[in-house]
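Structure record follows, encoded as structure tokens.
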Amino acid sequence: MTDLILHKASLTASGAKLMIESASRFAVENGLKIAVVVVDREGALLALLRMDGVPAPITEFAIDKAYTAAVTGIATNDFFTHIDSSPSLRLGLMTRSRLLVWGGGVPARHEGQVVGGVGVSGGSEEQDIACAAHALETGGLV
């Protein structure tokens with residue numbers, strides 16, 4: 001019977017809160033205004049913070065970055081290279097909503113398994129990536 005049930009680890013709400021707080025501290029320390037999102041392994045929203053003054057579309061980008069990283073297991077800055085390897089893959093995946101290729105979405109891993117994703121938007125691509133990576137490091141989920 002055990003081969004009929006799949007057990008998959010996923011981020012918790014308390015873990016998501018820790019990562020949101022870490023990312024926002026990192027942003028403040030670096031003079032950034034960001035939106036940061038944490039999703040579970042299936043891309044469902046666990047936590048979101050939109051700092052004061054961040055335009056609403058930036059928040060949507062952060063949501064899509066986190067979703068992309070979680071469901072594909074690939075950092076968003078590497079996702080374009082992955083899909084660009086095949087014309088049919090590129091055409092098929094780029095017509096899907098919520099998949100985003102801009103840097104700032106990073107999968108959260110625990111013991112090699114994707115357990116969620118973090119998405120950051122509002123800075124440069126490099127700043128968004130650094131902020132998301134900082135959030136994962138704080139949670140020990142790199």
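Checking each residue in the range 68-89 for being of a type in the set (S, T, N, Q), closer than 19 Å to residue 27 by Cβ and either at pLDDT 95 or above or surrounded by fewer than 21 Cβ atoms within 10 Å (Cβ to Cβ) (or both) picks out only 77. Counting only residues that are under 15 Å from residue 121 (Cβ atoms), exposed (fewer than 15 other Cβ atoms within 10 Å of the Cβ), touching a helix residue (DSSP H, G or I) at 6+ places or on another chain (Cβ under 9 Å) and not hydrophobic (A, V, I, L, M, F, W, C), the range 10-67 holds 1 of them. For residue 95, the test of being touching a residue at least 60 places away in the same chain (Cβ under 8 Å) and farther than 24 Å from residue 113 by Cα is failed.
Cβ separations smaller than 6 Å between residues 6+ apart or across chains give the following pairs from the range 36-53 residues that are among the aliphatic types (A, V, I, L, M) to residues that are assigned to a strand (DSSP E or B) and open to solvent by 70 Å² or more (accessible area, probe 1.4 Å): 37/48; 39/45. Listed by first and then second residue, the pairs with beta-carbon distance under 9 Å, at least 6 apart or on different chains, first residue in the range 104-127 and touching a residue at least 12 places away in the same chain (Cβ under 8 Å) and open to solvent by less than 10 Å² (accessible area, probe 1.4 Å), second acidic (Asp, Glu) and in a loop (DSSP other than H, G, I, E, B), are 116/42. Report yes if residue 92 is surrounded by fewer than 20 Cβ atoms within 10 Å (Cβ to Cβ) and closer than 23 Å to residue 11 by Cβ, otherwise no. For residue 92, the condition - surrounded by fewer than 20 Cβ atoms within 10 Å (Cβ to Cβ) and closer than 23 Å to residue 11 by Cβ - is not met.
The values are calculated or read from the model by the stated rules, or taken from the named source; none is laboratory data. On a predicted model such as this, the values are computed, not experimentally measured, just so you know. When we count neighbours, we look across all protein chains shown, and the Cβ atoms used for this are built from the backbone with ideal geometry, even at glycine. All accessible areas refer to the heavy atoms of the entire protein, side chains included, with ligands and DNA or RNA removed. Shrake-Rupley method; radii C 1.70, N 1.55, O 1.52, S 1.80 Å.
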